[in-house]
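We did not get these values from a lab; they are worked out from the coordinates using the rules stated. All values derive from a computational prediction rather than experimental measurement. Cβ placement follows ideal geometry from the backbone for every residue including glycine, while neighbour counts extend to all protein chains displayed.
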Amino acid sequence: MRRIAIVGPCGAGKSTLARTLGDLTGLPVWHLDKIWWLPGWIEDTPERFDEKLRDVVDGEEWIIDGNYSRTFNIRLPKADTVIYLDFPRRIYFRRVLWRITKGYGKTRPDLAENCPERFDLEFLHFVWNIPKKSRPRTQQLLAEYASEFTLYTFRKPKEVKQFLEEVKGKLHSENVIQSDQSSPVLNR
C-alpha cells in the first residue's frame, strides 16, 4: 500500500482514516477538499484542480481522501489500494450533523484556510441523496477500474477499526523483522 485512495459519503470518516493511515505508514496525506476549495469557500477551476491532482498522483506515495467522482479517472488507475467506506445513511448523515454542530464557525484541517464549518441546506440535501445519486456512480466507477487496485469495502465503522489494527500489526511485525536483521546479535 503506497498509493491509497479513500472514497465514500460525506461524514463517513475519510479524512480521519487518511490522517490515521498517514500517521501509521508515514505516507503523505492529501485531502481533495483542501485542493478544491480556495480560502473563503471559493471553488478552484476544474482545470487547476485536475492539474494539482495530477501532480499529487504522479508521486510515488500518497493517501488521497475524497470523492470528486469526476476525477476517478485520474486517481484510480494510479492507486494500488482503494478503501471504500460504504456506510449507511444513518451513520454518515448523523456524523455530518455532528461535525457541523461541533465545528460550526471553525475550519477543519482537511479544508483550505477560512472555510469555516457552516449550516448549508443544499449540502445537507446532497448528503441525504447520496444513496440514490452518488453511491451508484461510485460503485460503477470502482467496478470499471477494479483491475487496477486492491479494493477494501467497509460497511461499518467497526470494520475500519479492525483494518487499522491489522495494518498496525503488519507494520509492527515488519519493523521487528527489519530491526532483528540489522541486530549484530542475530547476524553472527
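Miscellaneous remarks
- Axis of helix 157-181 versus longest Cα principal axis of the chain: the two differ by about 30°, to the nearest ten degrees.
- Estimated FRET transfer efficiency when R0 is 35 angstrom, pair residue 161-residue 69 (beta carbons, to 0.05): 0.85
- Couplings for segment 28-37, taken from phi via the Karplus curve 6.51 cos²θ - 1.76 cosθ + 1.60 with θ = phi - 60°, read x, 10, 10, 9, 4, 4, 6, 7, 6, 7 Hz in order; Gly and Pro are left as x.
- Inter-centroid distance (Cα atoms) of segment 131-154 relative to segment 92-112, Å: 25
- Highest-MSF residue in the chain out of 69, 147, 15 [GNM, Cα springs under 10 Å]: 147
- Highest to lowest packing among 164-171, 28-35, scored as the average C-beta count within 10 Å: 28-35, 164-171
- Built amide H within the under 5 Å cut-off of residue 151, gap 5+: 82
- Full extension of the chain segment joining residue 172 with residue 113 gains 17.7 nm, where the gain is 0.36 nm per residue of separation less the Cα-Cα distance.
- Sequence-separation-based contact order of the chain, relative, with Cα cut under 8 Å and 6+ spacing, percent: 29
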